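Working notes, structure below.
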Amino acid sequence: MRAAKQHFEEQGWSGTTLRSISGSARVSQKTVEALFGTKAALLQAAVDYAIRGDVDPLPMPQREAVARMEAAHSAAAMLTLHAAHLRAINERSARLAWAIEQAAAVDPTVAQLWQQMNDNRTYAVRWATNTLLSKPDRRHGLHRRDVETTFWVALDWATYRTLTQHAHLTASQFEQWLRKYYASTLLNDTPT
């Protein structure tokens, strides 16, 4: 999975082959073909690996990190956990997402994957919005649409790439920025 992720990030969809991935992974191409069948299936697996952080097939909504956010006693605690969660996901997946977004414009197979990734983000935005709105210390008078917009900015891989590549924030600084962004838009009291 690491070799596939790296090749798709660095070489893109068209420049990546099962042979190049198998060579980097030090396994036979037949092994890769037996496990994944097609390059598209391997790309899907690389996306799942990058977003989840492991090869466990347990979907994100059923993972412990999500349960901790749902169980958080306050909006502030939930958003702190969410910022750390997004940092980890973005560190692993932002470059791969960019490669897929670029390839989606020219390859229908990759376009389907990109659509599924965006459908998953839509689900994540709605989940985060519902979770936040259930917490007692959220900003009074929040409108669902404003909360969703805030989470769309936070979940956008381009936000992470822009802040780390162009604004030169580290991943840790991105997480700090995200916590301040959440506090200023979603919480009653902005920390000093």
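Couple of notes before you dig in:
- Cα-centre dipole for the stretch 13-115 with unit charges at Cβ (Lys and Arg positive, Asp and Glu negative), debye to 20: 280
- Rounded to 10°, Cα long-axis angle of helix 75-104 versus longest principal axis of the chain: 30
- Gap separating the Cα centres of the stretch 1-68 and the stretch 117-184, nearest whole Å: 26
- Fraction of accessible area attributable to carbon and sulfur, the chain (%, probe 1.4 Å): 51
- Over all projection directions, the Cα-based convex hull of the stretch 68-116 averages an area of 4.2 nm².
- Packing, taken as the mean count of other beta carbons within 10 Å per residue, orders the peptides 134-142, 71-79 from highest to lowest as 71-79, 134-142.
- R0 of 30 Å, Cβ-Cβ distance GLN176-SER28: FRET efficiency to nearest 0.05: 0.10
- Rounded to the nearest whole Hz, the Karplus-based 3J(HN,Hα) values (6.51 cos²θ - 1.76 cosθ + 1.60, θ = phi - 60°) of the stretch 171-188 follow the sequence 4, 5, 5, 4, 4, 5, 4, 5, 5, 5, 4, 4, 4, 6, 9, 10, 10, 5, with x at glycine and proline.
- Linear extension gain, HIS166 paired with ALA65, 0.36 nm per residue minus alpha-carbon span: 33.5 nm
- Within the chain, helix-based [θ] at 222 nm, where runs of 4 or more DSSP H residues each add -39,500 (n - 2.57), nearest 500: -23500 deg cm²/dmol
- Computed with a 1.4 Å probe over protein heavy atoms only, the accessible surface of the chain comes to 55 Å² per residue.
- Under 14 Å from LYS5, Cα to Cα: aspartates and glutamates that are on another chain or at least 8 residues apart: ASP48, ASP54, GLU91
- Its Kirkwood hydrodynamic radius, worked out from the mean inverse distance over all distinct Cα pairs, puts the stretch 1-74 at 13.5 Å.
- Straightening the chain between GLN115 and LEU133 buys 3.8 nm, computed as 0.36 nm per residue apart minus the Cα-Cα spacing.
- Using equal-weight Cα scatterers in the Debye expression, the normalised intensity of the stretch 80-151 in log10 at q = 0.21, 0.26 Å⁻¹ is -0.96, -1.17.
The values are calculated or read from the model by the stated rules, or taken from the named source; none is laboratory data. It should be emphasised that the depicted structure is a prediction, and the values quoted were computed from it without experimental measurement. Don't worry about glycine lacking a Cβ; one is built from the backbone with ideal geometry, like all the others, and counts go over all protein chains shown. The accessibility values were calculated without ligands, DNA or RNA, using every heavy atom of the protein model including side chains. Shrake-Rupley method; radii C 1.70, N 1.55, O 1.52, S 1.80 Å.
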